[in-house]
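The values are calculated or read from the model by the stated rules, or taken from the named source; none is laboratory data. Keep in mind the model is a prediction, meaning the values are calculated, not measured. Glycine also receives a Cβ, built like all others from the backbone with ideal geometry; neighbour counts cover every protein chain displayed.
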Amino acid sequence: MKDMELLKYPIGKVHLPETITQENREEWIRCIANFPMLVETEIIGLNSSELNKKYRPDGWNIKQVVNHCIDSHLNSYVRFKLALTEDNPTIRPYKEGLWAELPDTIDYDIKESLQMLKSLHKRWEFLLENLKIKDFKKTFIHPDGDEVISLEENLCIYAWHCQHHLKHIINAKKFQYS
């Protein structure tokens, strides 16, 4: 069981610091900015068979991981915009496991997906770099558990999410579960 947990969470689960500093925010923004380039470095030159390798049994393949990141990060980007323009909005969750089975996740050209990831992250980075500290304190409500999440906490979560799934891609290349 411990091995499966390590395969599922290869960098561990997300950890929010008690106090979030400007240095934390800057580091997390860099992580989000660099993520597409790191993904591209890992997947460049992989053939169809290699893109279909999984990081763990019953996990997603590399193509699904990349496309999941687009779906997830697009949702996060929208959550940032909602929190910046509304007073503590309740966001809409989505069924990521089902989204990962849709044709645009499984069959869409990985080069096109990578381009979308790059464009999304470039725009997200621009937004993040132009926020003030008070903006990062704004919140939204995640209806799963009625959890109030600040934008700086969400920034931490998504910096972790980038590293988490980058490690999944690296592991899939190394372990190559089918």
Practice item. Taking Ala83 as the residue in question, decide whether it is more than 26 Å from Lys8 (Cβ to Cβ) and either modelled with pLDDT under 95 or crowded, with 16+ Cβ neighbours inside 10 Å (or both). Key: yes
Revision key, fill the gap. From the option list Lys118, Lys134, single residue qualifying as over 24 Å from Lys174 (Cα atoms), under 17 Å from the mean Cα position of the chain (by Cα) and either basic (Lys, Arg) or modelled with pLDDT of 95 or more (or both) is Lys118
Practice item. For segment 111-118, state whether one or more residues are in contact with a Leu (Cβ under 6 Å, 6 or more places away or on another chain) and surrounded by 12 or more Cβ atoms within 10 Å (Cβ to Cβ). Key: no
**Study point:** Criterion violated by Arg30 - all others in (1) over 27 Å from Asp3 (Cα atoms); (2) in contact with a helix residue (DSSP H, G or I) (Cβ under 7 Å, 6 or more places away or on another chain); (3) of a type in the set (Lys, Arg) satisfied
**Key:** (2)
Review point. In segment 144-178, how many are in contact with a Ser or Thr (Cβ under 7 Å, 6 or more places away or on another chain) and either at pLDDT below 95 or polar (S, T, N, Q) (or both)?
Key: 2
